[in-house]
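Chemist: Let me give you the structure first, and then I'll get to my questions.
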């Protein structure tokens, strides 16, 4: 029938007409199953018998001809008055329930930046697609990822008439982009086929460094380079002259003055953004000169270990960039980045491929710097075991102290930095020919032999008569100081040692320190070889030596000779270039690349960590932990032993597993 019908339904003290937000299912439940009269509208008598005990209907039917005839309408208005309909209460219905239901309606809030936290360990049994993760459809797939796939497919077919029409319609829609987590803005399903870009910041000590690194995933993207390209890499070292060491106040002030300048300079080195439509959505920023630059896919920054105030300067800057650009953050381990530096060097070489980054795990890492001396068994990216560490001071700090004592005043006056260990090595062995005749001890027994030199003194090697896997360098520095003051004529303070004996002191101190490192490294290799035979695990074929002290040419020569004499000539030594041995942002960027590939991300709430162990097994050995001021467990649990990590790959796999059930 071509009749206009309307239904007025009355609740007790509440009219549906005055509450348009009530869902239709609440207004007229099961209307399609009601028994209707000839007009198609339930009558009052039919209500209680057809499933409507709480609802009473009154219907008025206005014919179309009346609405179309103005005269009839005027006649009706002048001669008849609408009869007020009687309000019939609904027996047993409470209007307060409707009011409370309406008040309980909450408008949907936009999702937060990071994905929803997952319980740990992952719960698989009893889960459903609806409780595993927001935005999942019934088939277990992420709605926004699937939408992006369809959008990309329409972009590809934009040349056709039908594809262009659909793409225009899709672009005209105002999609709730605020409801789209930034993880999905970057096409997780297609990240493996595009270039990955990161901006990295290093500020753990007195070096302020910024780098821009790009990783290629297809040979056509390289342009004759390796799988990675370093677009920008600069650093500024704090001026510590006259302090005979690192001044924390000066270092912090240097970070505050230099970091923003380096970040601003690095923006000009970002790849130019294309204005043409591409397969992948690439965001861009406009510089002051009008150039469009590509926004990095994520920010990498050093979280620890190091000086907490200095670390916080870089970390807060990285957070600001991540929030401003709405991109993920990766706060990585400083010493892990040192261990991965040889892999960065290989990735930068033209011969590198994404499937054969060298050195491959497992390998042995000797991390030596001014603040650390560690021997690490690196089984995987986040799986490391500490085999030996210094019991007192690091080798770099010991050699700095010895250098300040032994270097002549004329040389110290010309030094413009505080790298006394480097200048000590240059003073002791100015050319490779100066140490060409070095002969390492061929056996463990030969290490224990103590022979005095022509001046009647000898600097012993720590732990020479033991097989303990540990380092100690304070004893070497103390013995050098004792012998130096003993040999100096105290009755004539202005009289100095002969240059020949001063040179002997420098060479003996360096040889004793390096022999100590090499001896403990050989012991670690012996231990790992025995474990390999018992467990039939992969043998150790590579020794990575990284850190500031690894730039020492004499150290490199001694380690190679030591390994060859002791029967480990098949172990390959990997030394990064000198410019990548010290603290730098390039290694931080590469560490972020590797962690990103495994799905790891950092929450925006992370804070700097002053002490942070790489050993993944230390929680089992000592579970009490060292709780720092920031409220996280420091120094326990390895790379993932601090709070603030989450893994997008594990979340996605879990969602797929749940959706497939």
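The values are calculated or read from the model by the stated rules, or taken from the named source; none is laboratory data. What you are looking at is a predicted structure, and each value in this text was computed from that prediction instead of being measured. Cβ atoms come from the backbone with ideal geometry, glycine included; neighbour counts cover every protein chain shown.
Chemist: For region 470-477, state whether one or more residues are farther than 16 Å from residue 389 by Cα and exposed (fewer than 11 other Cβ atoms within 10 Å of the Cβ).
Modeler: No, every residue in region 470-477 fails to be farther than 16 Å from residue 389 by Cα and exposed (fewer than 11 other Cβ atoms within 10 Å of the Cβ).
Chemist: Output the residues belonging to region 279-316 that are without any contact (Cβ under 8 Å) to a residue 60 or more places away in the chain and either in a helix (DSSP H, G or I) or surrounded by 24 or more Cβ atoms within 10 Å (Cβ to Cβ) (or both).
Modeler: 316 - this is the single residue of region 279-316 that is without any contact (Cβ under 8 Å) to a residue 60 or more places away in the chain and either in a helix (DSSP H, G or I) or surrounded by 24 or more Cβ atoms within 10 Å (Cβ to Cβ) (or both).
Residue-by-condition table, conditions (1) buried (at least 24 other Cβ atoms within 10 Å of the Cβ); (2) at pLDDT 95 or above; (3) more than 13 Å from residue 332 (Cα to Cα); (4) not assigned by TED's automatic domain parsing to the domain that holds residue 419:
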| site | (1), (2), (3), (4) |
| --- | --- |
| 546 | yes, yes, yes, no |
| 557 | no, yes, yes, no |
| 587 | yes, yes, no, yes |
| 591 | yes, yes, no, yes |
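Chemist: Taking the condition under 18 Å from the mean Cα position of the chain (by Cα) and not in a helix (DSSP H, G or I), does residue 612 pass? Steps first, please.
Modeler: Numbers: under 18 Å from the mean Cα position of the chain (by Cα): yes; not in a helix (DSSP H, G or I): yes.
So residue 612 passes the test.
Chemist: Of (1) surrounded by 15 or more Cβ atoms within 10 Å (Cβ to Cβ); (2) over 27 Å from residue 430 (Cβ atoms); (3) within 39 Å of the chain's Cα centre (by Cα), residue 447 satisfies all except one. Which?
Modeler: Every condition holds for residue 447 apart from (3).
Chemist: Could I ask something else about it? Quick check, is residue 491 under 52 Å from the mean Cα position of the chain (by Cα) and either at pLDDT 90 or above or surrounded by fewer than 18 Cβ atoms within 10 Å (Cβ to Cβ) (or both)? Before you say what the answer is, go through the steps one by one.
Modeler: Numbers: under 52 Å from the mean Cα position of the chain (by Cα): no; either at pLDDT 90 or above or surrounded by fewer than 18 Cβ atoms within 10 Å (Cβ to Cβ) (or both): yes.
No; evaluated as a whole, the condition is false for this residue.
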